[in-house]
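Undergrad: I'd like to ask some things about the structure below.
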């Protein structure tokens, strides 16, 4: 089989590997589709303290069960499934407090176990024991199934910031993750959904997914949001394009007691400066969001199965696994690229 193996920054190799054999409590999945995540690109370019090379990259995927360990029940060969990126320990203080997404002993595909940018992937015991094998209905194709993971990450933001009818939500960033937040804000009933971005066709796509307003990031977006809300500001601001300017804009456009979520990692060393009074006088909640609980993952899987979100509209390019370097180059072209899929 082929696998995209990461050895260090800018050292990603397509290698021939043996198809893995499952242990008694493991299974092997034939990967039918995997999504190129911005995190994959950041790891490729910069590495990560959480990544233990050499390791096969990739954590967004869906496929068919190839082989099942002797002690596994309820899963059979040829089953269509989707697997979360992470398996939580269930016993650390974060897991016990209901915050599995912050598990202190997590194992993750593409980080400390071999990931899904391969023809086959071994699913370790903990994923099976923690019920991390999600059945993929026949009406959901594999590309869409692979997008359950990023949708679950976005759902974490939407739920924990209290998105609901009556709220105004601003999403800064018109990439795939920003557009997923827009779609979920619509599902959760927000009154106003404002998408801030730079690319016209992505802003139009945001409208199709539920954005009630679109603002070009080159304009005075703070004034734009304040005008739309009669000076009150946004209840929730999700910053998916994280940099000095966007974070400060988010702080300035948030309402009193509003939420600002930093969604998406940055390369090590990136810093943001802002005036503390922006938080102090408005009692603003500045937070971040990462990952999901299994409960949120199950909700995302249900949403995908329901067809309420037209996820295929986000897909702009398809490459073979062996073309992953070309896929990364296309990802760099933000004018043209949306969600990029790696097929087999």
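The values are calculated or read from the model by the stated rules, or taken from the named source; none is laboratory data. For clarity, every value in this text was computed on a predicted model and none was experimentally measured. We place every Cβ from the backbone using ideal geometry, glycine too, and count neighbours over all the protein chains shown.
Undergrad: Quick one: which helices (runs of 4 or more DSSP H) lie wholly within segment 232-344 and hold at least 1 residues that are under 17 Å from the mean Cα position of the chain (by Cα), assigned by TED's automatic domain parsing to the domain that holds residue 80 and farther than 21 Å from residue 80 by Cβ?
TA: In segment 232-344, 324-332 are the helices (runs of 4 or more DSSP H) which contain 1 or more residues that are under 17 Å from the mean Cα position of the chain (by Cα), assigned by TED's automatic domain parsing to the domain that holds residue 80 and farther than 21 Å from residue 80 by Cβ.
Undergrad: Another one. Tell me, yes or no, whether segment 127-135 has at least one residue that is under 18 Å from the mean Cα position of the chain (by Cα) and free of Cβ contacts under 8 Å to residues at least 60 places away in the same chain.
TA: no
Undergrad: Still on this structure: List the helices (runs of 4 or more DSSP H) inside segment 76-184, counting only whole elements, that have at least 1 residues being in the same structural domain as residue 58 (by TED's automatic domain parsing) and at pLDDT below 95.
TA: Ranges flagged: 125-129.
Undergrad: Run down 37, 92 and say which single residue is surrounded by 14 or more Cβ atoms within 10 Å (Cβ to Cβ) and free of Cβ contacts under 8 Å to residues at least 40 places away in the same chain.
TA: On inspection, the qualifying residue turns out to be 92.
Undergrad: Can you name the residue in segment 30-72 that is in a strand (DSSP E or B) and more than 21 Å from the chain's Cα centre (by Cα) and, of all such residues, is nearest to residue 332 (Cα to Cα)?
TA: The extreme case among them is 30.
Undergrad: For the structure I just gave you, tell me whether residue 303 is free of Cβ contacts under 8 Å to residues at least 40 places away in the same chain and within 30 Å of residue 97 (Cβ to Cβ).
TA: Considered against the rule, which asks whether it is free of Cβ contacts under 8 Å to residues at least 40 places away in the same chain and within 30 Å of residue 97 (Cβ to Cβ), residue 303 comes out as no.
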